[in-house]
Structure formats: structure tokens, C-alpha cells
Amino acid sequence: MPKNYVLIDYENVQPDSISALDRDDVHILIFMGASQTKVNVEIAMLIQKMADRAKYIKICGNGNNALDFHIAYYLGELTNSDPKGYFHIVSKDTGFDPLIQYLT
């Protein structure tokens, strides 16, 4: 079964729950801005439960689109290491659209 990779831009999307993603075929990467200091406790508990299938990536430094560049980098690495995987970006930022269109 192909893996589903969910890359969450936590800087602009803070879901109340991601419990529906707690499946063996799902891997979650939560990208946090350098100045973010809080995470929803329900999400934190689920990330701990998912162990190696989920992790936080806190970027260093600030700047326009800094977090977006990190997501784009990880997306490239993941598509290279698992070309049969499915990739999902959760973000309100439409700047990913040209990248997604190109990769598709």
C-alpha cells in the first residue's frame, strides 16, 4: 500500500484535530515557524502516539515564505525517496499551486 505524506503548514493552519490521519499508511510532518511556541495538545498527543510516522519540523530563521521553502524542500526529498507515495500539503498558501502542478 502506498504511503500518504501529509505536510502541514502549522504557521497558517492549526487544525483542531488530525485523528482521522492516524492510519498505518499516513506519515505526518508538521512545519512550525521559528517563533511558534504552542501546539494543540490533542495534536501533540497524536504525534507522540504515531511515533516514527509523525514529526515536527521547526524551522530556524524568519522571512517571507521561509516555512514554505522548507515544505517545498521536504516535498522534493520525499518524492525522490518514495516516488509511489501520495503527497498532501495542508496550507492556506496558494503559492504551492505551481509546484504541485509541475510535480503532477
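For residues that are of a type in the set (A, V, I, L, M) and open to solvent by less than 40 Å² (accessible area, probe 1.4 Å), scanning just segment 9-37, find the one that is farthest from Asp93 (Cα to Cα). Before the answer, list the steps.
Restricting attention to segment 9-37, the residues satisfying the condition of being of a type in the set (A, V, I, L, M) are 13, 18, 20-21, 26, 28-30, 32, 34.
Those left that are additionally open to solvent by less than 40 Å² (accessible area, probe 1.4 Å): 13, 18, 26, 28-30, 32, 34.
Values: Val13: 9, Ile18: 19, Val26: 22, Ile28: 18, Leu29: 17, Ile30: 15, Met32: 14, Ala34: 18 Å.
Per the criteria, the residue is Val26.
Considering only residues that are more than 22 Å from Glu11 (Cβ to Cβ) and without any contact (Cβ under 8 Å) to a residue 24 or more places away in the chain, look in segment 78-98 and name the one that is least open to solvent (accessible area, probe 1.4 Å).
Ser81
For every residue, the table says whether it meets (1) among the hydroxyl-bearing types (Ser, Thr, Tyr); (2) modelled with pLDDT of 90 or more.
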{"residue": "Asp25", "(1), (2)": "no, yes"}
{"residue": "Gln36", "(1), (2)": "no, yes"}
{"residue": "Glu42", "(1), (2)": "no, yes"}
{"residue": "Asn62", "(1), (2)": "no, no"}
{"residue": "Tyr73", "(1), (2)": "yes, yes"}
{"residue": "Asn80", "(1), (2)": "no, yes"}
{"residue": "Val90", "(1), (2)": "no, yes"}
{"residue": "Asp93", "(1), (2)": "no, no"}
{"residue": "Gln101", "(1), (2)": "no, no"}
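Select from segment 47-63 the residues that are surrounded by fewer than 16 Cβ atoms within 10 Å (Cβ to Cβ) and of a type outside the set (A, V, I, L, M, F, W, C) and list them in ascending order.
Gln48, Lys49, Asp52, Lys55, Lys58, Gly61, Asn62, Gly63, listed by residue number.
Return the pair list, or none, for Cβ contacts closer than 8 Å from residues in segment 48-62 that are touching a residue at least 24 places away in the same chain (Cβ under 8 Å) to residues that are open to solvent by 40 Å² or more (accessible area, probe 1.4 Å) and not small (Gly, Ala, Ser), at least 6 apart or on different chains.
Lys49/Asp22; Met50/Asp22; Arg53/Asp24; Tyr56/Val39; Ile57/His70; Ile57/Tyr74; Ile59/His70
Return the residues of segment 64-77 that are open to solvent by 50 Å² or more (accessible area, probe 1.4 Å) and either within 24 Å of Pro2 (Cβ to Cβ) or over 13 Å from the mean Cα position of the chain (by Cα) (or both); say none if nothing qualifies.
Here is the first cut: in segment 64-77, the ones open to solvent by 50 Å² or more (accessible area, probe 1.4 Å) are 64-65, 69-70, 73-74, 77.
Result: Asn64, Asn65, His70, Tyr73, Tyr74, Glu77.
The values are calculated or read from the model by the stated rules, or taken from the named source; none is laboratory data. From a predicted model like this one, the values you see are computed outputs, not experimental measurements. Positions of Cβ are backbone-derived with ideal geometry, glycine not excepted, and every protein chain shown enters the neighbour counts. Ligands, DNA and RNA are excluded from the accessible area calculation, which covers all protein heavy atoms including side chains. Shrake-Rupley method; radii C 1.70, N 1.55, O 1.52, S 1.80 Å.
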